[in-house]
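Below: one structure, written as structure tokens.
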Amino acid sequence: MTLPMDTQAHAELLGHFGERYSQAPDVLAQHGQDEGGAETRLPDAVVFARSEADVKVVLDVARRFSLPVTPFAAGSSLEGQLVPVRGGLSLDVSQMDKVLDVQPQGFLATVQPGVTYPALNKLLRPHGLFFPVDPGAPASLGGMAATNASGTGAVRYGTMRDNVLELRVTLPSGEVVRLGSKARKSSAGYDLKNLMIGSEGTLGVITELTVKLHPLPAHLAVLRCHFESTELAAQCAASIMQAGLQPERLELMDERQMRAVNLHEGTAYPEAPTLWIELAAPSLTALDESLSLCAELCREGGAEGLLTARSEAERAQLWEARHHAYYAARALHPGHRLLTTDLCVPLHQLAPVIGFTHRLCVEHRLDASFVGHVGDGNFHVLFHALPDDASTWQAIHQVYDRMVGEALAVGGTCSGEHGIGLHKPRHLAREHGDLLGLMRGVKALFDPQGLMNPGKLFEDKG
């Protein structure tokens, strides 16, 4: 089988990469969709890079033969970022998985883009350190930077933009650039490093990252409680943040999501809107004081069934339920397509926007579940329906549009952590319509041929 493209390009890639260049149907299928699974488009070929030099070879061939290139690693994105909508090459960097350097005293590590954050944390644990950005799925650090991922730890430690110090990036021209520095701060010129973070593979390919590390907390505990309504739980989350408790993680799941988790995990959690609050302290005395204040705030906010987990095993079990929420929802509705939204609003607007969204779902008779990193105002609504259920999908998109409109009206954003990809270009246009010209200009400056992950971020002008 040969590529439906220039035979010289096919010959060059095959000659350089050998068995790491594939057109096998199962390999193409694996690289034709991401975890969201809403769209499928097969690449013409997959190339497995093991080094920055390999990446340069791929981009050189792509540039000379006008081949689209879609970077790929763990495949865990949810917004279609990895779908090669215009065919071409899927550039798989998952084999670039080496931790190149760890400097415990400098609280930093340098890694290749295919390293996953669980693998890095396993290596860091003997040093008493960890990398805090935790999106749940075993994502790669390169992909996490490309989408500016965050997750459960963002309320305390921030997003990828807050935790990446330096990048090496191969541009479509073949030039390799170093962005940022290993210093903790810099005022040296335009911040091109943070421009690259969140660019979703549309400007270049990340080939190396230096990330911040943090000390493992001395003492940890998780408090779990449930509420009569999702809105009450969100109000309680805001009060915990306003009290200055600085939780490590602060998460919400509603009653539908709790039911899905119970069925998927074989657990017996109360099927009611539930908060998980993880607190850390340098001493047991300080931890007890924080737990006492947190429990008091929860009770004042209407919480019931307060439980505390202190051991590592107990805490891991509680967080497993939260991390498996998406997979639990998928398992509960076999054959359905899922659409997960990703709004983030100012914290004082969180409860009203969640309440507004819940009322919309009831009004349109949608069986949707709510989860969220509510300590920083970020929440997800998981919609589902059979793929051919046109009326339900019409209702879902109507509700989604109104949700985004409400979030933007109160100063929020259409994406807190998942990115834009294929699903949200029109919402990006609603949020930043006045800036799209500048954004397209940046894209054209870095990628004048339009070969890097085409079809993402912007609405297709044809």
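The values are calculated or read from the model by the stated rules, or taken from the named source; none is laboratory data. The model shown is predicted, which means the values in this text are computed figures rather than measured ones. Here the Cβ positions follow ideal geometry from the backbone for every residue, glycine too, while neighbour counts run over all protein chains shown. The area values use the complete protein model at the heavy-atom level, side chains included, leaving out ligands, DNA and RNA. Shrake-Rupley method; radii C 1.70, N 1.55, O 1.52, S 1.80 Å.
For the chain, find the longest principal axis of its Cα atoms and tell me its angle to the long axis of helix 52-65, 0 to 90°, nearest 10.
60 degrees
Calculated from DSSP H runs of 4 or more alone, at -39500 (n - 2.57) each and per residue, what is the 222 nm mean residue ellipticity of the chain, nearest 500?
Rounded to the nearest 500, it is -11000 deg cm²/dmol.
Can you tell me the orientation of helix 284-300 relative to the chain, as the angle in degrees between its alpha-carbon axis and the longest Cα principal axis, to the nearest 10?
It is inclined by approximately 80 degrees.
Please name whichever of SER283, LEU306, MET253 sits farthest to the positive end of the charge dipole of the stretch 252-310, dipole taken about the Cα centre and charges placed at Cβ: Lys and Arg +1, Asp and Glu -1.
MET253
Counting Lys and Arg as +1 and Asp and Glu as -1, each charge on the Cβ, what is the dipole of the stretch 116-247 about the Cα centre in debye, to the nearest 20?
Working: 12 positive and 9 negative charges, 107 e Å.
Result for the stretch 116-247 is approximately 520 debye, rounded to the nearest 20.
How much accessible surface does THR285 have with a 1.4 Å probe, in Å² rounded to 10?
Here the residue's solvent-accessible area equals roughly 90 Å².
For the stretch 154-224, which GluC sites (Glu not before Pro) pass both filters: DSSP loop (anything but H, G, I, E, B) and at most 16 other C-beta atoms within 10 Å?
On the way: sites: GLU166, GLU175, GLU200, GLU208; in loops: GLU175, GLU200.
Listed in order of number, the matching sites are GLU175.
Only sites in a loop by DSSP and with at most 16 other Cβ atoms within 10 Å count here; which trypsin sites (Lys or Arg not before Pro) in the stretch 350-422 make the cut?
The qualifying sites are ARG365.
Using modelled backbone amide H atoms (1.01 Å from N, in-plane), which distant-in-sequence or interchain residues come within less than 5 Å of ALA281's amide H?
ALA218, HIS219
Output the relative contact order of the chain, whole-number percent, from Cα pairs under 8 angstrom with separation of 6+ residues.
16 percent.
Ignoring ligands, DNA and RNA, what accessible area per residue does the stretch 148-238 give at 1.4 Å, in Å²?
38 Å²
Only Lys, Arg, Asp and Glu count, each charged at its Cβ (+1, +1, -1, -1), so figure out the dipole size of the chain about its Cα centre, rounded to 20 debye.
940 debye
Zone of VAL410 (label point 7 Å along Cα→Cβ, backbone N under 17 Å): which residues in the stretch 425-457?
What the label zone holds, given the 17 Å backbone N cut-off, is no residue at all.
Using the Kirkwood radius over C-alpha pairs as Rh, can you work out the diffusion coefficient of the stretch 161-320 via Stokes-Einstein at 10 °C, viscosity 1.306 mPa s, in µm² per second?
For the chosen part, D equals 85 µm²/s.
Could you tell me which of MET196, PHE65, LEU216 has its Cα farthest along the dipole of the chain towards the positive end, charges placed at Cβ (Lys, Arg +1; Asp, Glu -1), taken about the Cα centre?
PHE65
Let's see if you can work this out: charge +1 on each Lys and Arg Cβ, -1 on each Asp and Glu Cβ, no other charges. What is the dipole magnitude of the stretch 227-373 about its Cα centre, in debye to the nearest 20?
Here the size comes out at about 480 debye.
If you line up the Cα atoms of the stretch 301-425 on their principal axes, what length do they span on each, largest first, in Å?
Cα extents, longest axis first: 47, 36, 30 Å.
Pop out the carbon and sulfur fraction of the accessible area of the chain as a percent, whole number, probe 1.4 Å.
52 percent
Among the DSSP beta bridges whose two residues both lie in the stretch 60-213, what percent are antiparallel, rounded to the nearest 5?
85 percent
For HIS219, what accessible surface area do you get with a 1.4 Å probe? Give it in Å², rounded to 10.
Accessible surface of HIS219 is approximately 60 Å².
Using a 1.4 Å probe, what is the accessible area per residue for the stretch 1-107, in Å²?
43 Å²
Relative to the first principal axis of the alpha-carbon coordinates of the chain, what is the inclination of helix 230-242, with its axis defined by its Cα atoms, in degrees from 0 to 90 and to the nearest 10?
The angle comes out near 90 degrees.
Taking LYS443 as the anchor, which lysines have their alpha carbon closer than 24 Å to its alpha carbon, excluding any fewer than eight residues away along the same chain?
Straight-line reach from LYS443, under 24 Å: LYS56, LYS193, LYS424, LYS456, LYS461.
With point charges of +1 on the Cβ of Lys and Arg and -1 on the Cβ of Asp and Glu, referenced to the Cα centre of the stretch 7-83, which listed residue (GLY80, LEU14, GLY36) lies farthest in the positive direction of the dipole?
Ranked along the dipole, the leading option is LEU14.
How much accessible area does ARG50 have with a 1.4 Å probe, in Å² rounded to the nearest 10?
My reading of the accessible area for ARG50 is about 120 Å².
Just the number please: accessible area per residue for the stretch 316-462, 1.4 Å probe, all protein chains included, in Å².
Accessible area per residue: 42 Å².
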